[in-house]
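Enquirer: What follows is a single structure, and I will ask about it in a moment.
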Amino acid sequence: MKQEMTSADVSALVLELSSGDSSLIDAKIGKIYQPVPGELRMNLFIFNKGRDNLVIEAGKRAHMSEHIRPSPKIPHAFPMLLRKHIMAGRITFVKQYDFDRIIEIGVVRGGIDTILVVELFSPGNIVLLDSERKIILPMKPVTFKGRRIRSGEVYQYPEAQISPIDATEGDLQEAFSSSHSDVVRTIASRFNLGGVLAEEVCARSGIDKKTEAQSLSSDDVSSIASSLKDVFSPLQKGDLSPCVFKKDIKGRLEVFDATPFELDIYSNYEKQSFPSFNKALDELFGKRSAEEVKEVVESVKKEKVDVFARRLQKQEAAIKNFGKDADKQTQIAEKIYAYYVEIDEMLAVLNGARDKGYSWNEIKSILKKAKETVPAAKMIVSIDSSSGKVVFDLDGVSATIDIRLTIPQNAQIFYDKAKKLARKKEGALKAIEDTKLAMQKREKKQAKRRKVSTKKHWYSRFRWFMSSDGFLVVGGRDADTNEDIVKKYMEKRDVVFHTQAPGAPITVIKTMGKEVPETTLRETAEFVVSYSSVWKSGQFSGDCYWIKPEQVSKTPESGEYLRKGSFVIRGDRNYFRDVKVGAAIALELASETRVIGGPVSAVSKNGQHIVQIVPGKFNQNDIAKKIYKMYVEKLKDINFVKQIASPDKIAMVLPPGESDIKV
C-alpha cells in the first residue's frame, strides 16, 4: 500500500492547486491546526467555493481533504506561530521545486510575503520562510550534512537529482553506465521516480526491469528515453486522468495506490476514476487517516464500556480466591488438632533438646536418624533455624508450627487467618453489589438516551431542504455538485432556480410530477438567494428566477467557453425580485434524527429548536460552534447532539460566508 507521494504525484497536485477549478490562488488562510506530530491542517476560504481543508503530512502527503482528524484541545507551538504570520493571508502561488517532492506555497499578508515550504521526502518537514528565504521557523529543527533547517538560517534545497521529464538519452546512458544495479533500481534512484513509475517505464519500453543497467544497448536506452516521455506526457500536457487502484487485502477490496494517470502495470487491478487528483489522494490517504481515527475512538469507547465488566470479573476472581484460602487455613487448624498428640510429643522433644544446649543442626541430624524408628519424626519436613518454626506434613497438609507456642495457640493463628479472609470476602461481595448497581444505572441511563436514527440519501452531499409542502429541493455546493445535479438528477418535470448574480447553486425542485405550490416556489427563491454570493457580500436581499430544465444547456455560444459547473440559460425567465435573505437551522427529531437548514418557514415546519441566522460577522466554524453549544444546553445530552448536530454537521447546512444569530 502506498505510504508517500512521488515526485510525479507532487507535480500533478501542484498543477491542480495552481490553476483551473481546483486552484488555491487567492484563497484566504483561516486557522491552522496540528492534529498529530508531523501533520498540519490549513482551513482555507476559496473564492466561489467556500471553506475547504489542505492537509499536509510532512514526508508523506499533501492534498485537499474531506477526512480530517479532530483538532487538538491544546494547540501546538508551530501552528500558533504560523497563525501569527500567515493567518488571514492570501495564497499567491503554489509550485514544485525542480520536479522534487518539495512544494512551495507563497502567502501575502498586509504586504508582507512569506513562503511555506513543504518537504514530502523522508523524513519530511514544513518550513516557513521570509521574503529573503530565511527560515522563520521549521516544524522540526534538524541539521544534515551541508543543510541546516533552523531559525535564522537561509533555506537550502537538498542536492538536486536529474528530472525524468528533462532527462536526455545522454543522461540515461551516463546513469546506466555508472550503475552497479539493475535497470528499475537505477531509474528509480537516479531520476527521482520511485519504484512504481520506474517499473512502468520498464514495462512500456519492453525491457526486463531486472536487466543489469550496464548491459543496456544504445537502442535500449533510446527505448527507455521514449517511454519516459510517454509516461510523463499527461503531466506536461495537463491532461490528467486521476484514479485509484484496488486489490484484495486480508479479504477486503482496498485502495492501495492513487495515480494522476493510468498505469499499464496496474491493468489487472480494479480501477476507480476521480474528477481530480486531489480527490484520488484523499480516497487513498485521507480515508485511511479517518479510519485510523475511527479505530482509536471505537477502542476508547469499548474501553469505557468494558470497565465495569472487567471490575466485576476481578472482584469475582478475588472472592473465589478468598474462599479457597480461608478453607485452606481452617483445614490446617483442624489438622493441627487432629494430630495434637503427635505434634505435642515432637514439640516436647525439640524443646527438651534445645534446653540441653543442642544446636539446630545437631537436632536436624538426630531427627534424620530417628525418622527410621520414630513415626512422629517422619512428620517433620523442615526446620527454620532462625525463627524456630517447624513445618509438619499432616496427612498431606503442610502446617508451620512455632515451637515457642502451645498447640492451641498455633491452631488459633490459622483460624484467625481464615476469619480475616472471610471478612475480605464479605467486603468483596459488597463491592460486587456496588458494581452491579453501577452497571444497572449505566444501562438505565443508556436506555433513556435519545436514539439516533440516520439514513443514507442521495441528496445528502448537496445543499437541500424539504419545503413546507413536502417537496425536496436540492442545490449544488460547488462546480462539481452543480454538474452532478444537472447531469444526473435533473428531470424534465422539475423546476430549476438560479440567481441573477453569479456564485449561486443550481437548485432543483423535485416535483415528482406534481404541481408546485406558490409557497414552495417562494421558499426555494429564498433558499437560492440566501445560499449564494448575496449572503457572502452581506446584502439582505437579491433577485432570482426559475426556468424549465430544457432551458439549461451545457453548449456555449460560438467562440465562448463554459467553466465546470457553469451553464447557459436560454429562453424566458420567471423572476422573483427583492427576495429577502434568511435561513434557519433546526433539529429533525422524527423518523430521522439530523440537523437541517434552509428557509425559515420550511425548517420551522420540519424541525424543532429553531435557530434563525442572518448575514453577520462570524465565520461558518464559529457560528456552528455557537449553535452546537445552544443545542447541548437545550437538550442536556451532549452525546446525542454530537452525533446528529456536531459543529461540522451544522456548518454543512449553513449559508456560505459570515453569519450571526438573529435575536
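No lab work stands behind these numbers, since they all come straight from the coordinates. This one's a predicted model, so the numbers in the text were calculated from it and none came from an experiment. Glycine gets a Cβ as well: all are built from the backbone with ideal geometry, and neighbour counts include every protein chain shown.
Enquirer: Give the label of the value calculated from the structure for Cα extents along the principal axes in Å, choosing from (1) 96, 55, 44; (2) 75, 73, 54; (3) 128, 77, 51.
Expert: Working out Cα extents along the principal axes in Å from the coordinates points to (3).
Enquirer: Under a crude label model (7 Å from the Cα following the beta-carbon direction), how far is residue 73 from residue 662 in nanometres?
Expert: Roughly 3.7 nm, to one decimal.
Enquirer: Give me the lysines in straight-line cross-link reach of residue 271: C-alpha distance below 20 Å, same-chain residues under 8 apart excluded.
Expert: Straight-distance partners of residue 271: 2, 246, 247, 250, 279, 287.
Enquirer: Kindly state, to the nearest 0.05, the FRET efficiency for residue 292 paired with residue 381, given R0 = 41 Å and r defined as their beta-carbon distance. Walk me through the numbers on the way to the answer.
Expert: Working: r = 59 Å, r/R0 = 1.45.
It comes out at approximately 0.10.
Enquirer: If the only charges are +1 at each Lys and Arg Cβ and -1 at each Asp and Glu Cβ, what is the size of the charge dipole of segment 7-149 around the Cα centre, to the nearest 20 debye? Provide the component values of the computation, followed by the final result.
Expert: Working: 21 positive and 15 negative charges, 128 e Å.
Charge dipole of segment 7-149: 620 debye, to the nearest 20.
Enquirer: In percent, what relative contact order does segment 458-661 have, based on Cα pairs under 8 Å that are 6 or more apart in sequence? Before the final figure, lay out the partial values.
Expert: Details: 423 pairs, mean separation 40.3, N = 204.
Averaging sequence separation for qualifying contacts and normalising by length gives 20 percent for segment 458-661.
Enquirer: For the pair residue 161 and residue 108, what calculated FRET efficiency results from E = 1/(1 + (r/R0)^6), where r is the Cβ-Cβ distance and R0 = 30 Å, to the nearest 0.05?
Expert: Values: r = 31 Å, r/R0 = 1.04.
Once the sixth-power term is evaluated, E becomes 0.45.
Enquirer: So, one more: Express in nm, to one decimal, how much length is gained between residue 625 and residue 604 on full extension, taking 0.36 nm for each residue of separation and deducting their alpha carbon distance.
Expert: Details: separation 21, 0.36 × 21 = 7.56 nm, distance 2.09 nm.
The residue 625-residue 604 span can extend by a further 5.5 nm.
Enquirer: R0 = 41 Å: FRET efficiency of residue 92 with residue 233, Cβ-based, nearest 0.05? Spell out each step's value before the answer.
Expert: Details: r = 29 Å, r/R0 = 0.71.
With R0 = 41 Å, the Cβ-Cβ based efficiency is 0.90.
Enquirer: In Å³ and rounded to a whole number, note down the convex hull volume per residue for the Cα atoms of segment 7-149. Mind dumping the intermediate values first?
Expert: Details: hull volume 15.9 nm³, N = 143.
Measuring per residue, one finds 111 Å³ for the Cα hull of segment 7-149.
Enquirer: Follow-up question, since we're still on this one. What ranking of 520, 555, 400 emerges when the number of other C-beta atoms within 10 Å of each C-beta is taken as an exposure proxy, fewest first? Could you put the intermediate results ahead of the total?
Expert: On the way: 520 23, 555 10, 400 16.
By the 10 Å Cβ count, ascending, the order reads 555, 400, 520.
Enquirer: Here's a follow-up. May I ask you to compute the full-extension gain from residue 634 to residue 271, defined as 0.36 nm times their residue separation minus their alpha-carbon distance, rounded to one decimal in nm?
Expert: On the way: separation 363, 0.36 × 363 = 130.68 nm, distance 4.77 nm.
Stretched fully, the residue 634-residue 271 segment lengthens by 125.9 nm.
Enquirer: Using the Karplus equation 6.51 cos²θ - 1.76 cosθ + 1.60 (θ = phi - 60°), what ³J(HN,Hα) coupling, rounded to whole Hz, does each residue of segment 331-339 give in order, writing x for Gly and Pro?
Expert: 4, 5, 4, 5, 5, 4, 5, 5, 10
Enquirer: Only Cα pairs under 8 Å and at least 6 apart count here; give the relative contact order of the chain as a rounded whole percent.
Expert: Working: 1151 pairs, mean separation 50.3, N = 663.
Relative contact order comes out at 8 percent.
Enquirer: Return the whole-Å distance between the Cα centroid of segment 174-253 and the Cα centroid of segment 329-385.
Expert: 88 Å
Enquirer: Hey, which aspartates and glutamates would be in cross-link range of residue 378, C-alpha to C-alpha under 16 Å, not counting anything within fewer than 8 residues on its own chain?
Expert: Within the straight-line cut-off, residue 378 pairs with 342, 344, 345, 393, 395.
Enquirer: Note down the nm distance, to one decimal, between modelled labels 7 Å out along Cα→Cβ at residue 247 and at residue 142.
Expert: 2.9 nm
Enquirer: Multiply the residue separation of residue 469 and residue 219 by 0.36 nm, subtract the distance between their alpha-carbon atoms, and state the gained length in nm to one decimal. Spell out each step's value before the answer.
Expert: On the way: separation 250, 0.36 × 250 = 90.00 nm, distance 7.36 nm.
Answer, rounded to one decimal: 82.6 nm.
Enquirer: Also: Amide H of residue 137: which non-local residues (sequence gap of 5 or more, or other chain) have their own amide H closer than 5 Å, using H built in the peptide plane?
Expert: Those lying under 5 Å, H to H, from residue 137 are 128.
Enquirer: OK, next. Just grab the label-to-label distance for residue 459 and residue 557, each label 7 Å out from Cα along the Cβ direction, in nm (one decimal).
Expert: 3.4 nm
Enquirer: With a cut-off of 15 Å, note down the residues of segment 401-428 whose backbone N falls inside the zone around a label point 7 Å from the Cα of residue 328 toward its beta carbon.
Expert: 414-415, 417-422
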